[in-house]
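Report on the structure given below.
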Amino acid sequence: MIETDTGSCITGLLEQYRLGDHFVENLIFERCQSQLFLIAKSMLHQFPKARTRIEANDLLQQGQIRLLKALRKIPLNSTPDFLRLAARHIRWELLSMIRTPLIPTTDDGSHSELQDSDFETEDPAMLATWREVHDRIAQFPERERQLFDLLYYHGMSQVDAAKYLDWPLRTLTRHWLQARLKFMRQYENKNPF
């Protein structure tokens, strides 16, 4: 969870970055490292077969490379914007890693022959469902998307998200319930949460 003072710090660093101070790139990632690791670990947890060959640290590192490229092109105004973009790029990297077969290496670093098991991936139906869930969330209006980002992807508690957004807790709870119900109606009353 990104604490409020850390979130403010990241927002300040993003402002510096937007004004041309590119030396703060590392500071932005350092401040968010634990949160980004939790996002990567949480996403990877949904794919048991992938966990046997992909580590959360590797996923995070590759996701951060994608994120850095995006950060150089897309001006961000706040910590939630940054975290939303981070979650998206980590998710894309995970899907890419899942689709790519593992090419085994020998002890000397050379590649060995591929086996059928090297091409095993997650259940295609599960991948399609996972992608559909995230695509639907991405199409929601900004307020609802923001709630999914903070509460679902980033694992914030409702209390912390309410403080972070400067909303009354009851307002956040009501909007979160409405967003989840809307999603479930669109998703034929299945609950992926």
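Read the figures in this text as sums done on the coordinates, not as results from a lab. On a predicted model such as this, the values are computed, not experimentally measured, just so you know. Virtual Cβ from ideal backbone geometry, glycine too; neighbours counted across all protein chains shown.
The table below gives the values:
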item: Normalised contact order of segment 123-193, rounded percent, pairs of Cα under 8 Å and 6 or more residues apart; result: 25 percent
item: Per-residue HN-Hα couplings for segment 138-148 [Karplus 6.51, -1.76, 1.60; θ = phi - 60°; Hz; x = Gly/Pro]; result: 5, 8, 5, x, 3, 4, 5, 4, 4, 5, 4
item: Order of Asp149, Asp81 under a 10 Å beta carbon neighbour criterion, fewest first; result: Asp81, Asp149
item: Residues Leu150, Leu38, Leu76 arranged by fewest to most Cβ contacts within 10 Å; result: Leu38, Leu76, Leu150
item: Net charge, His89 excluded, C-beta distance under 11 Å - Lys, Arg +1, Asp, Glu -1; result: +4
item: Segment 123-193 - charge dipole about Cα centre, Lys and Arg +1 at Cβ, Asp and Glu -1, debye rounded to 20; result: 280 debye
item: Gyration tensor verdict on segment 123-193 (Cα atoms; rounded if a/c is under 1.5, prolate if a/b is larger than b/c, oblate otherwise); result: prolate
item: Residue (of Leu165, His134, Gly155) at the positive-pole extreme of segment 123-193, dipole from beta-carbon charges; result: Leu165
item: Residue exposure sequence - Ser157, Ser8 - by fewest surrounding Cβ within 10 Å; result: Ser157, Ser8
